[in-house]
1. Looking at (1) within 14 Å of the chain's Cα centre (by Cα); (2) closer than 21 Å to residue 1 by Cβ; (3) crowded, with 16+ Cβ neighbours inside 10 Å; (4) not β-branched (Val, Ile, Thr), which is the only condition residue 176 fails?
2. Go through 171, 148 for me and flag whichever is touching a Ser or Thr at 6+ places or on another chain (Cβ under 6 Å) and closer than 17 Å to residue 219 by Cβ.
3. Inside segment 28-54, can you point out the residues that are of a type outside the set (Gly, Ala, Ser), surrounded by fewer than 15 Cβ atoms within 10 Å (Cβ to Cβ) and on the phi < 0 side of the Ramachandran plot?
4. Could you check segment 1-85 for helices (runs of 4 or more DSSP H) lying wholly inside it with 2 or more residues that are within 13 Å of the chain's Cα centre (by Cα)?
5. Out of 237, 166, report the one residue that is surrounded by fewer than 19 Cβ atoms within 10 Å (Cβ to Cβ) and either of a type in the set (A, V, I, L, M) or at pLDDT 90 or above (or both).
6. Residues in segment 179-201: is at least one modelled with pLDDT of 85 or more, closer than 28 Å to residue 158 by Cα and surrounded by 13 or more Cβ atoms within 10 Å (Cβ to Cβ)?
7. Of the residues 213, 155, 207, 167, which single one is touching a residue at least 24 places away in the same chain (Cβ under 8 Å) and farther than 24 Å from residue 11 by Cα?
Amino acid sequence: MIAESLDYLCDGDNAVVTVLIGGALLLASPLVVPSILVLGYVSRVLRQTASGDDAPPVFDAWGDLLVEGAKGFAVTLVYSLVPLAVFAVATVFGVGAAVVGSGGGSGSLFGGLIGGAIAVLLALAALAVSLVGLYVTPAALATVADSGRVGDGFAVGMLWTVVTKRAYAVGWLTAAAVVLGGVLAVGVLSVVPVLGTIAGLFVQFYALIAAAAVIGWTWADVRPVVADSTDTEPAERPAV
C-alpha cells in the first residue's frame with residue numbers, strides 16, 4: 001500500500017493546488033483554525049477512500065470542512081490529553097518525592113523513595129497510554145469521518161473489534177512507515193535554513209494525506225458491518 005499511497009494525491013486532477021493549499025495551512029497552523037481545516041481534509045480522505053472513491057478530494061465547501069475538522073480535532077485532543085494528564089500527575093509525585101527526600105531523616109528518605117517509585121510507575125503508565133492513543137486515534141478518526149458523530153470516536157466496544165484485527169495493525173504500521181518517511185524527508189530539508197523548513201511542511205502534508213489514504217483503505221476492510229434495522233420483515237410470508 002505504500003506505493004499506492006504515495007501516488008494517491010498525484011493521481012488527482014488538482015494535486016499541485018491541493019498540496020500548495022495544504023502546505024500553506026500547515027504553515028499557518030499555529031493559528032489553530034488552519035490545522036482544523038487540514039484535519040477536515042484528512043477526514044474527507046478517510047471517508048472517500050473507505051467508500052472506494054480513490055479520487056482525492058479538493059479544498060472546497062470550507063464551512064463543512066471546518067466542521068469536519070473540528071470533530072477530528074475534538075477526538076485527537078481527547079486522546080492526547082489523557083496521557084498528558086497522567087504525565088502531569090507523575091510530575092507532581094516526582095516533585096513531591098524530591099521535596100520529601102530533601103527533608104532529611106530516614107522517614108523522609110523512605111517517603112521520598114516511595115513517592116519517586118510511584119512517579120516512575122505513573123510515567124511508564126503515561127507512556128503506555130500514549131502508545132495506545134497513537135494506535136487507536138486513526139481508527140477513531142475514521143469512525144467519526146464515516147458516521148459524522150463525534151461520540152463514535154469513543155465507542156470502546158466498537159473500536160476494540162477494529163483495532164484488534166490483524167488487517168488494522170498492518171494498515172497502521174504501513175501508515176506509520178509513510179509518516180516516518182515524511183519526517184525523515186523533513187529532517188533532510190530542514191538542513192536548508194527557512195526555505196527547507198517551509199518546503200518540509202508541504203512534504204509533511206503530502207505524507208499525512210498518503211497515510212490517511214492507507215487508513216481509509218484499511219477502514220474499508222475492518223469497519224464493523226451495521227445491520228440495516230429497516231429490513232425487519234421477510235420478503236415472503238409462509239403460508240398458514
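The values are calculated or read from the model by the stated rules, or taken from the named source; none is laboratory data. As the structure is a prediction and not an experimental result, all values here were calculated from the model. No Cβ is skipped: glycine too gets one built from the backbone with ideal geometry, and neighbour counts run over all protein chains shown.
1. Looking at each condition in turn, residue 176 falls short on (3).
2. Being touching a Ser or Thr at 6+ places or on another chain (Cβ under 6 Å) and closer than 17 Å to residue 219 by Cβ holds for just one of 171, 148, which is 171.
3. Correct list: 30, 31, 33, 53.
4. Values: elements: 2-8, 15-27, 33-50.
Correct list: 33-50.
5. Working: 237 fails: either of a type in the set (A, V, I, L, M) or at pLDDT 90 or above (or both).
The unique qualifying residue is 166.
6. Yes, some residue in segment 179-201 is modelled with pLDDT of 85 or more, closer than 28 Å to residue 158 by Cα and surrounded by 13 or more Cβ atoms within 10 Å (Cβ to Cβ).
7. Values: 213 fails: farther than 24 Å from residue 11 by Cα; 155 fails: touching a residue at least 24 places away in the same chain (Cβ under 8 Å); 207 fails: farther than 24 Å from residue 11 by Cα.
One residue alone meets the criteria, 167.
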